[in-house]
Amino acid sequence: MVLHSDLANAVRFLGVEAIEKAHSGHPGIVLGSADIATTLFKDILRIAPNHPDWINRDRFVLSAGHGAPLLYSLLYLTGYEDATLEGLKSLRQLDSKMAGHPEYGALSGIETTTGPLGQGLATSVGIALSERLAHNRFGDIIDYYTYALVGDGCLMEGISEEAISFAGHLKLNKLIVLWDNNSITIDGETSLSTETNQCARFEANGWNTIKVDGHNAESLFQAMQKAKESDKPTFISCKTIIGLGAPQKAGTSAVHGAPLGEEELKGVRRFFNWKEEPFSIPDNILNEWRKVAEEGDKAYQEWAQAFSKLPKDLKERMTAYYNRKIPDSFEADFKAFKETLLKEDKPLATRKASQKTLEVLVPLLPRLIGGSADLTPANYTKTPSSTSITKDDFSGNYINYGIREHLMAAVMNGISVSKAFIPYGGTFLAFLDYLKPALRLSALMKRQVIYVLTHDSIGVGEDGPTHQPIEQLASVRAMPDILVMRPADCVEVAECWELALKTQDKPSILALSRQALPRFRTTVDENLSQKGGYIASKEKETRQATLLATGSEVSLALEAQKLLWEKGIDTAVVSMPCLELFDEQDKSYQKEVLGTAPRVFIEALSSFGLHKYVGDNGKVVSMTSFGASAPEAKLKERFGFTPKAIVEIVSKMV
Ligand SMILES: Cc1ncc(C[n+]2csc(CCOP(=O)(O)OP(=O)(O)O)c2C)c(N)n1
Ligand SMILES: [Mg+2]
């Protein structure tokens, strides 16, 4: 007979031996949370290791990402094909699928990347919300639970507050959070830095709470069963001992983040009476664990049967959603829309052009789930076809995130890894830094998440320097695997939205203006933004100067060009909506666009990263300080963003 403790010990020893072999890792949580994880994976989770992509599997998020070996051991034991003993033996080594922290895409059982504390908890809110959305659209065929294992650290991070209050508000009752309550973090006891009564805090946010002994399998099982029946999200405080069994280090921070060492490991073996060789699991224990896969197969087959009996149109709709199919009619419909933009003769803020685009996209793509962090009327993210999701009605397609930018980005990650939907969400570009850690995970996970960041320069005007972005765009341009786009007129906005929708393996940022901008594009036949930069207005005969610009500064460059022509300086204007895409073009194309004449790059943001486009003899006209509170026109004059100022600079260069 195989006991719960045998199963848990298999998890423990695979984990700590892997850490020992790697000479690095976090054994404390592996030893301390193995009982919680064993109950969850053996008795509660509905997963199918042989069908890891089953869309209705329960989701498990290891928010305390430093416990990665715990997850890897569970994935191996329950029979995920890609989680191997060899993998465990190469934990944390170059090219191993078992990295220091769980990386989305590395192993099929990793639901999201975790490691930055708090992110997993907030992402799991998005995964749980996706379940509600999909359940509403497709019915009972989607009804999974989402479980997150969090540590003291996750609960101390600010993002946890946003996550807890949002999930409580929406009554996401299929979200169950398990707290590895060991009262220890890296620096020592949690009493060094917190007094928080976590259960009271969760209850105040509308959660159901349960307290259990985190080493008692029966109580853990009862608590998790009860949690599944709640009409609110549930927080289970599982009291544990970090590094359980380590003779000197258990219950102390010494066991948090360094291998046990020979002596301590011997002690742990004695404590649990574990006599197996490293990485060796007795057949009876492994067989018992592998029953998870057998039961998973059955659950999956039953579900597949139920799916096959659904009405044909529902099946087709679901398949299209989960395969991320863009409807066949999209190209023609969107082209027709772009043609209407050529009638747009009044200047239009690019944020408003974005709304016009969304007015077409939202009905065309029901997979789009929009939202804003309480700036809906400023971001123009809502359309007549958008309906807000409420705690009583998940039929909508728009999320009022409240003033929770960081949570918004993490929820969008959760929605994105759930595959059915494409999330987009808005805030001001100046507040990008409030959501940056989650945006970084969108990029790291290569997920399609669309950030609509408006009020993209000193053009904000009177709200002043707190609301005027300077360094934000440069900071995201420095990030790998993300498209940063700053369209210059209504046509470019539509083109950039098209790129964001078609780029399914990266997040996108659309940086949009508050202020109105004239349309300069006269054709829509080709998506010119796709090349990242292109000649917006050619020189008349022989190029003597080139003005490069993005967003609102393109129309400024075009005005300057006219004045320069009057002065006899033959100038071309290049629009650069996406530097990343421009950098990917052939050298010959880049040379043709940039030309050999002196170049000036104009962008009313930080110059960081722009000099390479102008060469040694070029100039960058940018912000070198924070902005100021004043009407837009005054600010442009003060900071040198007028046609006259540009003409003066160019005149001295040619
Ligand atoms: C955002 C963030 N800040 C800091 C860290 C570094 N870090 C990793 S684990 C940890 C302590 C976590 O304590 P707890 O969650 O209680 O884990 P335990 O020590 O109990 O395993 C810290 C500070 C991190 N991973 N992410
Ligand atoms: Mg802890």
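The values are calculated or read from the model by the stated rules, or taken from the named source; none is laboratory data. Please read these numbers as outputs of a predicted model, since none were measured by experiment. Heads up, the Cβs are rebuilt from the backbone with ideal geometry, glycines too, and the neighbour counts pull from every protein chain shown. Just the protein is used for accessible areas: all its heavy atoms, side chains included, with ligands, DNA and RNA removed. Shrake-Rupley method; radii C 1.70, N 1.55, O 1.52, S 1.80 Å.
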Can you tell me how many residues within region 417-427 are open to solvent by less than 20 Å² (accessible area, probe 1.4 Å) and more than 17 Å from TRP497 (Cα to Cα)? 3
Output yes when any residue across region 100-115 is modelled with pLDDT of 95 or more, within 24 Å of LEU14 (Cβ to Cβ) and within 13 Å of ligand 2 (Cβ to nearest atom), and no when none is. no
Among (1) open to solvent by less than 10 Å² (accessible area, probe 1.4 Å); (2) β-branched (Val, Ile, Thr); (3) under 23 Å from ARG351 (Cα atoms) - the single one THR522 does not satisfy: (1)
Residues in region 177-211 that are within 8 Å of PHE235 (Cβ to Cβ), in contact with a helix residue (DSSP H, G or I) (Cβ under 8 Å, 6 or more places away or on another chain) and outside any loop (DSSP other than H, G, I, E, B) total 7
Single residue of region 136-162 satisfying the filter (in a loop (DSSP other than H, G, I, E, B) and within 16 Å of ligand 1 (Cβ to nearest atom)) that is most open to solvent (accessible area, probe 1.4 Å): GLU157
Looking only at region 318-340, count how many residues are within 18 Å of LEU368 (Cα to Cα), open to solvent by 70 Å² or more (accessible area, probe 1.4 Å) and not polar (S, T, N, Q). 3
Output the number of the condition that TYR321 fails; it satisfies all remaining conditions of (1) assigned to a helix (DSSP H, G or I); (2) of a type outside the set (A, V, I, L, M, F, W, C); (3) within 16 Å of ligand 1 (Cβ to nearest atom). (3)
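For every residue, the table says whether it meets (1) without any contact (Cβ under 8 Å) to a residue 12 or more places away in the chain; (2) in a helix (DSSP H, G or I); (3) under 32 Å from the mean Cα position of the chain (by Cα).
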position	(1), (2), (3)
PHE271	no, yes, no
PRO278	no, no, no
ILE285	no, yes, no
TRP289	no, yes, no
VAL292	no, yes, yes
GLY296	no, yes, yes
ALA304	yes, yes, yes
PHE307	no, yes, yes
ASP313	yes, yes, yes
Kindly indicate which of ASP187, ASP180 is at pLDDT 95 or above and either away from ligand 2 (no atom under 16 Å from the Cβ) or farther than 18 Å from PHE41 by Cα (or both). ASP187
Can you report the number of residues in region 29-71 which are within 16 Å of ligand 1 (Cβ to nearest atom) and under 25 Å from the mean Cα position of the chain (by Cα)? 11
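Each row is one residue, and each column tells you yes or no for (1) under 30 Å from the mean Cα position of the chain (by Cα); (2) away from ligand 1 (no atom under 16 Å from the Cβ).
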site	(1), (2)
ALA204	yes, yes
GLY214	no, no
LEU220	no, yes
ALA223	no, yes
LYS228	yes, yes
PHE235	yes, no
LYS239	no, no
GLY243	no, no
Residue in region 215-223 that is in a loop (DSSP other than H, G, I, E, B) and under 16 Å from TRP179 (Cβ atoms) present: yes
Among residues belonging to region 455-493 that are in a loop (DSSP other than H, G, I, E, B) and among the hydrophobic types (A, V, I, L, M, F, W, C), point out the one that is surrounded by the most Cβ atoms within 10 Å (Cβ to Cβ). ALA488
Look through LEU117, LEU175, LEU133, LEU129 and report the one residue that is touching a residue at least 12 places away in the same chain (Cβ under 8 Å), within 11 Å of ligand 1 (Cβ to nearest atom) and closer than 18 Å to LEU407 by Cα. LEU117
Would you mind stating whether ILE242 is among the aliphatic types (A, V, I, L, M), within 16 Å of ligand 2 (Cβ to nearest atom) and surrounded by fewer than 20 Cβ atoms within 10 Å (Cβ to Cβ)? no
From the residues in region 2-44 that are touching a residue at least 12 places away in the same chain (Cβ under 8 Å), open to solvent by 20 Å² or more (accessible area, probe 1.4 Å) and assigned to a loop (DSSP other than H, G, I, E, B), which one is nearest to ligand 2 (Cβ to nearest atom)? HIS26
Step by step: first the residues of region 529-561, then only those that are open to solvent by 70 Å² or more (accessible area, probe 1.4 Å) and touching a residue at least 40 places away in the same chain (Cβ under 8 Å), then the one that is farthest from the chain's Cα centre (by Cα). Which residue is that? GLN544
Residues that are aliphatic (A, V, I, L, M) and assigned to a helix (DSSP H, G or I), drawn from region 224-236: MET224, ALA227
Given the conditions (1) open to solvent by less than 10 Å² (accessible area, probe 1.4 Å); (2) modelled with pLDDT under 95, report the number of the one that GLU344 does not fulfil. (1)
